[in-house]
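Structure first, then comments.
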Amino acid sequence: MEYNFREIEKKWQQTWKESGIYQVSNSFEKPKYYVLDMFPYPSGAGLHVGHPLGYIASDIYARYKRLKGYNILHPMGFDSFGLPAEQYAIETGQHPATTTENNIANFKSQLDKIGFCFDWSREIKTSDPEFYRWTQWIFLKLFKSWYNNENNKAEPIETLIKEFAGNGAQRLQQSDHSFSADEWKSFDEEKKHEILMDFRLAFSSYGEVNWCEALGTVLANDEVVNGVSERGGFPVEKKKMRQWYLRITDYAERLLKGLETVDFSDAMKEMQRNWIGRSEGAEMRFSILNNPLSIEVYTTRPDTIFGVDFLVLAPEHELVNQLITEEQRQPINEYLTYVKSRSDRERLAEVKQITGCFTGSYAINPFDGKQIPIWIAEYVLAGYGTGAIMAVPCGDQRDFDFAIHFNIPITNIIGKDFNGNEANPTKEAILENSGFLNGMLMKNAIGVAVNKIEELGIGKRKVNYRMRDAGFSRQRYWGEPFPIIWSEGIAVPMDEKELPLELPFVEKYGPGKNGEGPLSNLVDWVNTSSGKRETSTMPGYAGSSWYFLRYMDPHNNDTFADKKITDYWNQVDVYIGGTEHAVGHLLYSRMWTKFLYDFGLISFEEPFKKLVNQGMITGKSYFFMLNRIHGDKIVSYNSQNTSNAFVRLKYAHQFISNDFKLTKKTLDDQVEKGIVERPSYEIVWEKDGDEEFVFLKEESEKMSKSKFNVDNPNDLVDKYGADTFRMYEMFLGPVEQSKPWDTKGIEGVHRFLKKLWRLFFDDSSFFSRGKMSGGEAIWNEEKPTFAELKMLHKTIKKVEEDTDRFSFNTAVSAFMVCVNELTDLKCHKREILEPLLILLAPYAPHIAEELYHVIGNSDSILNAVFPESENKYLTETEKEYPVSINGKMRTTMIISLESTQQEVEKMVLSNPIVHRWIDSKPIKKIIFVKNKMVNVVV
RNA sequence: ACCCGGGUGGUGGAACUGGUAGACACGCAGGACUUAAAAUCCUGUGAUCAGCAAUGGUCGUGUGGGUUCAACUCCCAUCCCGGGUACCA
């Protein structure tokens, strides 16, 4: 019988589906394990090669854990709200709900073909009202809460109202508000709401937002890349609008701390830390000469206070107008006009340009009374710290450049550590010219200076975060509507019982007036008896911030997920997805989880215990950088990124060491002489300054479109089967590594499966003229030999270890070694093959299931138990040890594991080959490392 | 510029805490079976030198140096590639 993967895979996929074998129960007897993929956005293009990589990895892991006796939650769903569906709707007139449904159906059928063990009964769609009902519910919860810094957790807004009624805003010091309890009571409703809005975790405010004219919507910071929209690449500008925000900054510290408790890659943690951008420093006030005003600056280096030569305000700073002296009014206005004329994009592109303008006013250094000029400049950002800085040119390069450019005298406070040509940002120098800080090491002076500042009452310690509050509204149609009604300027939350607030049907998806969303066009919907509905919708990350909780209890009508059930499933044990969500989705979902935890709605604070980042499947790279030339000299040789290295450089190493001169002419010569093989590729020389690069360019025809068409997952599954496809994607390399997509090697994996098949069926005499004949089952019940058992148990151990550490590529290799070996041994014994099939089941479930039944099992292999590797087959009493002389391997010797050092030395000394190599030199010592090697030092 | 990650045959990639570098697979070359093709199987395959041969020598994990009996692995310096961040005071 032939390995007919098409029939086998179809059969089992159907059987599994019908038997509901993947359905997960919430029975709490078994230990649980939660394996989750980042759910996809169901784009119209369907699945591409990059998608399945992570899904296959998680599927293998989930199946593996199942064989190990765990109750597995391994669900899948769709992040089905989002911009592309809406864009598509605008272009084609089809309703996003329709296109999304179609796309999801397409995705599901493609996913099923690969044989994933998803429990579709738990499927989630973020655009499903039954799902977004709870997204809205959590939003309302956020709206009705504030972050209490004293208790370090979120609390109902009522506790804040109580605080205000009892103590006013005095005690809290969490905002710029200051009023007494009596004042609070005297405020009218609108004023009270306005104040409360400054505390709510989901709040509305006027703010500068990233407005994208072309998309007609507001974008989050992480949706803007280099001043243009991430999607579409349209220009983005700043605009003041009423927007909803999440007060994620209140969670900054906990988001930072929480990183220590989770198993993410260092790179991922670092990215999140950078994004949060914590810095410790101080805020301090400078009074102004002949002016009652004062300016607050933020600095991380209060130790440099005596080196301040000027202050700089952001052009947008609110005090600018009041600081301008008459004679400076003209130039300042010109400068402000100039700044306004520049888009964010320009500002980003020309960071090195130094611009600025003197205001005419002077501040007074509180420590030495020195008068310091106040400037405004673009390089100070309004949004960070206080929007004003104290400039210390000898310690900060930007301040230095600015001082030089505008001829501002520089004070040196670090003596010889400042060379006058560039700033020195060290903390290790001894302070000079620094009043009470003289003679101190800078890093020690920081604390002293802050203490003094606090003592004098001119400032205080302050921790700043780079992270901004997250914009939470979009002027779009295809998203969750806000359950908010505006009544006389007050945002009134809808009653929870009225949820979900369903997204109304619209005919047209165009924006409303004044940049409002399409919903604003639905007059009947917007106007209610109690006021006007909020017309923006929630952003894409709303649903994805908590979806992993809903999988646990997807059909609950009373709550987003039952507490008993979330207690059982708890954290996601392994979360698999791309790095691109490092600062968006992952931070938001971590925040939502912490928020729900604060209210005792779930009992874990971090959603994802372990995160695995699958690498990207990249397109092929067309260039191969051969060498880098600097004048006549080769600076380096780099053989990396050579996926298309069709060129054989025979003397690559000599190339360097012989100081071989490479010029265009000599390379041409090499090609001619055949040193560089396959000269059918074009050699391209490019100059960059005085450096020259050599590229070898593949002829473009080789990458024709027809070739790409073969490379989509469906076609590969059709041609080789799901099992081959699964194993091949794993075999390509480590899951976490990016790699170019290449289908060259898939035949090898397919061959492996056929080889496995032939351990069970003889096909030596099979078909001629398209007809099958022969091919009997050849598996048998004979007793396995020691060698066969050894092979099996070695494989069990290896596959187990590799699967545990997500090293699927090496596990696949282990299978290949095992099957090759069993073929050589002509081993067709059930006792060996059956455990092997169970090992293989997570990787290639269809063929494993089929053969499992062939050898007489009636239950599904999914319910099998992962075999244990028995030590008695793995440990040996004797081992062949490598023997080296002075570290160089020369021979091997069979040594018993029980041997002592003395016995080994004796054996070594009597070995003739060792003697030959030692060549009668005196032996200094013999090193014997048990289980590893023997080395003789002479 | 800064912060992470990386550099191993013609290619993808193995080598877990230093201990026989190149597992496994692709590709390539040769052979077997076949009228032929496909499929399958066998052999070889880092470079280089010596030998009819078995075999053996030398060099080899971007480059230069160091530690060690022993380095892909640890340390220092340097070049290159990939990712992230970017006037954050």
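Checked against (1) at pLDDT 85 or above; (2) touching a helix residue (DSSP H, G or I) at 6+ places or on another chain (Cβ under 8 Å); (3) within 12 Å of RNA strand B (Cβ to nearest atom), residue A:723 meets all criteria but (3).
Can you pull out the residues in the stretch A:560-579 that are farther than 20 Å from residue A:133 by Cα and assigned to a helix (DSSP H, G or I)? The answer is A:564, A:567, A:568, A:569, A:579.
I need a count of the residues in the stretch A:866-897 that are open to solvent by 40 Å² or more (accessible area, probe 1.4 Å), farther than 27 Å from residue A:938 by Cβ and modelled with pLDDT under 85. Matching residues across the stretch A:866-897 total 5. Can you confirm whether the stretch A:452-465 contains a residue that is part of a loop (DSSP other than H, G, I, E, B), open to solvent by 10 Å² or more (accessible area, probe 1.4 Å) and either farther than 30 Å from residue A:95 by Cα or free of Cβ contacts under 8 Å to residues at least 12 places away in the same chain (or both)? There is at least one residue in the stretch A:452-465 that is part of a loop (DSSP other than H, G, I, E, B), open to solvent by 10 Å² or more (accessible area, probe 1.4 Å) and either farther than 30 Å from residue A:95 by Cα or free of Cβ contacts under 8 Å to residues at least 12 places away in the same chain (or both). Please go through the stretch A:563-591 and pick out each residue that is open to solvent by 10 Å² or more (accessible area, probe 1.4 Å) and hydroxyl-bearing (Ser, Thr, Tyr). Scanning the stretch A:563-591 gives A:568, A:579, A:588. Is there a residue in the stretch A:305-328 that is at pLDDT 85 or above, small (Gly, Ala, Ser) and within 9 Å of RNA strand B (Cβ to nearest atom)? Checked against the condition, which is being at pLDDT 85 or above, small (Gly, Ala, Ser) and within 9 Å of RNA strand B (Cβ to nearest atom), the stretch A:305-328 yields at least one hit.
Among the residues of the stretch A:519-545, just one is touching a strand residue (DSSP E or B) at 6+ places or on another chain (Cβ under 7 Å) and acidic (Asp, Glu), namely A:534.
Yes or no: residue A:790 of a type in the set (Lys, Arg), part of a helix (DSSP H, G or I), open to solvent by 30 Å² or more (accessible area, probe 1.4 Å) and more than 16 Å from RNA strand B (Cβ to nearest atom)? Criteria not met by residue A:790. Could you grab me the full set of residues in the stretch A:1-24 that are within 20 Å of residue A:719 (Cβ to Cβ), of a type in the set (Phe, Trp, Tyr) and not in a helix (DSSP H, G or I)? Selection gives A:3 alone. Checking residue A:492 against (1) in contact with a strand residue (DSSP E or B) (Cβ under 6 Å, 6 or more places away or on another chain); (2) hydrophobic (A, V, I, L, M, F, W, C); (3) open to solvent by less than 40 Å² (accessible area, probe 1.4 Å), only one condition comes out false. Which one? For residue A:492, the exception is condition (3). A search for C-beta distances below 6 Å between a residue of the stretch A:909-938 that is more than 16 Å from residue A:889 (Cα to Cα) and open to solvent by less than 90 Å² (accessible area, probe 1.4 Å) and any residue that is modelled with pLDDT of 85 or more and near RNA strand B (Cβ under 9 Å from one of its atoms), counting only pairs 6+ apart in sequence or on different chains, returns nothing. Regarding the stretch A:129-137, can at least one residue be identified that is open to solvent by 40 Å² or more (accessible area, probe 1.4 Å) and either among the basic types (Lys, Arg) or without any contact (Cβ under 8 Å) to a residue 60 or more places away in the chain (or both)? Within the stretch A:129-137, one or more residues are open to solvent by 40 Å² or more (accessible area, probe 1.4 Å) and either among the basic types (Lys, Arg) or without any contact (Cβ under 8 Å) to a residue 60 or more places away in the chain (or both). Looking at A:60, A:56, A:90, which one is in contact (Cβ under 8 Å) with a residue 12 or more places away in the chain and surrounded by fewer than 24 Cβ atoms within 10 Å (Cβ to Cβ)? The conditions single out A:90. In the stretch A:382-409, the residue that is surrounded by the fewest Cβ atoms within 10 Å (Cβ to Cβ) out of those that are more than 12 Å from RNA strand B (Cβ to nearest atom) and free of Cβ contacts under 8 Å to residues at least 24 places away in the same chain is A:407. For residue A:412, the stated conditions do not hold, so it cannot be described as away from RNA strand B (no atom under 15 Å from the Cβ) and more than 20 Å from residue A:303 (Cα to Cα). I'm trying to understand the selection: among the residues of the stretch A:352-381, which are polar (S, T, N, Q) and either more than 23 Å from residue A:281 (Cβ to Cβ) or within 11 Å of RNA strand B (Cβ to nearest atom) (or both)? Selection gives A:353, A:355, A:359, A:361, A:371. The helices (runs of 4 or more DSSP H) falling completely within the stretch A:472-559 that include 1 or more residues that are in contact (Cβ under 8 Å) with a residue 40 or more places away in the chain and hydroxyl-bearing (Ser, Thr, Tyr) map to A:541-544, A:547-550. Taken over the stretch A:795-828, residues that are more than 8 Å from RNA strand B (Cβ to nearest atom), over 29 Å from residue A:263 (Cα atoms) and either of a type in the set (D, E, K, R) or outside any helix (DSSP H, G or I) (or both) amount to 5. Of all the numbered requirements in (1) buried (at least 23 other Cβ atoms within 10 Å of the Cβ); (2) touching a Gly at 6+ places or on another chain (Cβ under 7 Å); (3) not charged (D, E, K, R), residue A:107 misses one, and that requirement is (1). For the stretch A:852-933, give me every one of the helices (runs of 4 or more DSSP H) that falls completely inside it and has 3 or more residues that are within 14 Å of RNA strand B (Cβ to nearest atom). Fully inside the stretch A:852-933 and qualifying: A:901-909, A:912-918. On the stretch given as the stretch A:109-154, residues that are among the small types (Gly, Ala, Ser) and assigned to a helix (DSSP H, G or I) total 2.
Scanning the stretch A:253-289 for residues that are of a type in the set (Gly, Ala, Ser), under 18 Å from the mean Cα position of the chain (by Cα) and either open to solvent by less than 30 Å² (accessible area, probe 1.4 Å) or more than 13 Å from RNA strand B (Cβ to nearest atom) (or both) returns A:258, A:277.
The values are calculated or read from the model by the stated rules, or taken from the named source; none is laboratory data. Predicted model, so just to flag it, every value in this text is computed and none were measured. Ideal geometry is used to build each Cβ from the backbone, glycine not excepted, and the neighbour counts take in all protein chains shown. Just so you know, the surface numbers come from the protein's heavy atoms only, side chains and all, with ligands and any DNA or RNA stripped out. Shrake-Rupley method; radii C 1.70, N 1.55, O 1.52, S 1.80 Å.
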